[in-house]
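The values are calculated or read from the model by the stated rules, or taken from the named source; none is laboratory data. Every value quoted in this text rests on a predicted model; they were computed, and no experiment measured them. Positions of Cβ are backbone-derived with ideal geometry, glycine not excepted, and every protein chain shown enters the neighbour counts. Just so you know, the surface numbers come from the protein's heavy atoms only, side chains and all, with ligands and any DNA or RNA stripped out. Shrake-Rupley method; radii C 1.70, N 1.55, O 1.52, S 1.80 Å.
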Amino acid sequence: MSTARSRAATRLGRIPPYFFAEMRARVARLRGEGVDVAGLDVGDPDLPTPPEIVARAVSALHDPRNLRYPSYGGLAELRAAMAGWYRRRFGVELDPDTQVLPLLGSKDGIAHLPLAVVDPGDVVLVPDPGYAVYTSGALMAGGEPHPMRLRPERGFLPDLGAVPDAVAARARLLWLNYPNNPTAAVAPPGFLDAAVAFCAEHGILLAHDAPYSEITFDGYRAPSLLQSPGALEVGIEFHSLSKTYNMTGWRVGMAVGGAEAIALLGQVKSNVDSGIFTVVQRAALAALEEPAEALTARNALLGIDVPRPRATFYLWAPVPGDGDSRAFATRLLEDAAVSVTPGIAFGPGGEGFFRVSLTAPDDRIDEACRRIRALAG
Ligand code: MLT
């Protein structure tokens, strides 16, 4: 029961509890009771962080200079390494001092960006289904999320032309995310260019969340938003080292893009946190120096048979029967001890689907399939 002192703010009342926080607690409870849960819900790579990265952190820990307050905008070397990675990977030139901002994971930047650019009542265009933080970040800033449905028949791409003019006129921010979570869809050539043109026409900041850009298969190379003509004038892109380098627990990512948007996000962040632990920044430097072949070898391990996505480590599958994704996920967890993510956790547009994260050892994925088959009878 809430007392006057602990009563939730009206703002928080509009934001549901974070799905994965609840799911993790539920799985922990079941494991505490001795249930052997096969966890295929959160996208948390089961492979260890590469040893060179860990070694760099261990050695950095012994230097007391790395244990003091970090700098707000990140180490100059790290910003330069991030810009260098962009040059090598995408052929995009960035000014490390004004167009790159290291983050405490991309979620940090995604949640805080609306505080920098959205006023109460402004519209934020969000993909549905989509990563829940696009919506909760908008709500925390007093914005109005406007869902853009991602439908299978459109390759899970939003129809920007279907956004009503009156809504586009009130929009300050538009979120895209390719390779896509949860659907595993990729953006076809020209799609991001068209999004840049749409945002330029309507004066909207285009935010592209790209944490899965390096998790691709069969020769597919995901593009960066910043490769699109004019993107630096209207866009900001988020990356995470979490999925690319098996570093989910380290909390390090980056925002890159137009200098104004980067400065505004940096202003919010310097008021709410004190930067990334310098030891982690030094480990991130080691990660960004990794040869690209190391990633290719890791992606080969994630290969699966059917249906085979071109990117991400997710499968997005229709829920059998009546399509109630929450009931289906609960049944899988309670009767088969397999945790998956119900599509509804990504918004109403996700209903009728469930997401399987393949970030578990092969034998656990096999075991989960066996249990699901047994349940289906
Ligand atoms: C996911 O599994 O979709 C996300 O990576 C989880 C998260 O960021 O909380």
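For the chain, excluding the exposed loop sites themselves (trypsin sites (Lys or Arg not before Pro), DSSP loop, at most 16 other Cβ atoms within 10 Å), the longest remaining stretch covers 69-220.
Per residue, the average separation of C-alpha pairs within less than 8 Å and at least 6 apart gives the range 58-114 a relative contact order of 27 percent. A simple charge model with +1 on the Cβ of Lys and Arg, -1 on the Cβ of Asp and Glu and nothing else charged puts the dipole of the range 48-183 at about 340 debye relative to its Cα centre.
Overall, the accessible surface of the range 218-377 at a probe of 1.4 angstrom is composed of carbon and sulfur to the extent of 55 percent. Please compute the net charge surrounding LEU78, taking Lys and Arg as +1 and Asp and Glu as -1 over other residues with Cβ under 13 Å from its Cβ. Here the count lands on 0. Rounded to the nearest 500, the helix-only mean residue ellipticity at 222 nm of the chain stands at -12000 deg cm²/dmol, with each DSSP H run of n ≥ 4 adding -39,500 (n - 2.57).
Across the chain, C-alpha contacts under 8 Å between residues 6 or more apart give a mean separation that, scaled by the residue count, equals a relative contact order of 24 percent. Solvent-accessible surface of the chain, averaged per residue with a 1.4 angstrom probe and all protein chains in place: 45 square angstrom. Let me check against my output: what whole-number percent is the relative contact order of the range 123-243, with C-alpha pairs under 8 Å and at least 6 apart? With pairs under 8 Å counted, the relative contact order is 22 percent.
These residues, PHE191, PHE238, go from largest to smallest accessible area, 1.4 Å probe, as PHE191, PHE238.
Of the accessible area of the range 1-141, computed with a 1.4 Å probe over protein heavy atoms only, carbon and sulfur atoms account for 57 percent. Please report how far the C-alpha centroid of the range 67-119 lies from that of the range 1-53, rounded to the nearest whole angstrom. So the two Cα centres are separated by 27 Å. Exposed loop sites, defined as GluC sites (Glu not before Pro) outside DSSP H, G, I, E and B with at most 12 other Cβ atoms within 10 Å, are absent from the longest region of the chain, namely 94-377. The chain has equivalent-ellipsoid semi-axes of 30, 26, 22 Å, by the square roots of 5 times the alpha carbon gyration tensor eigenvalues, sorted largest first.
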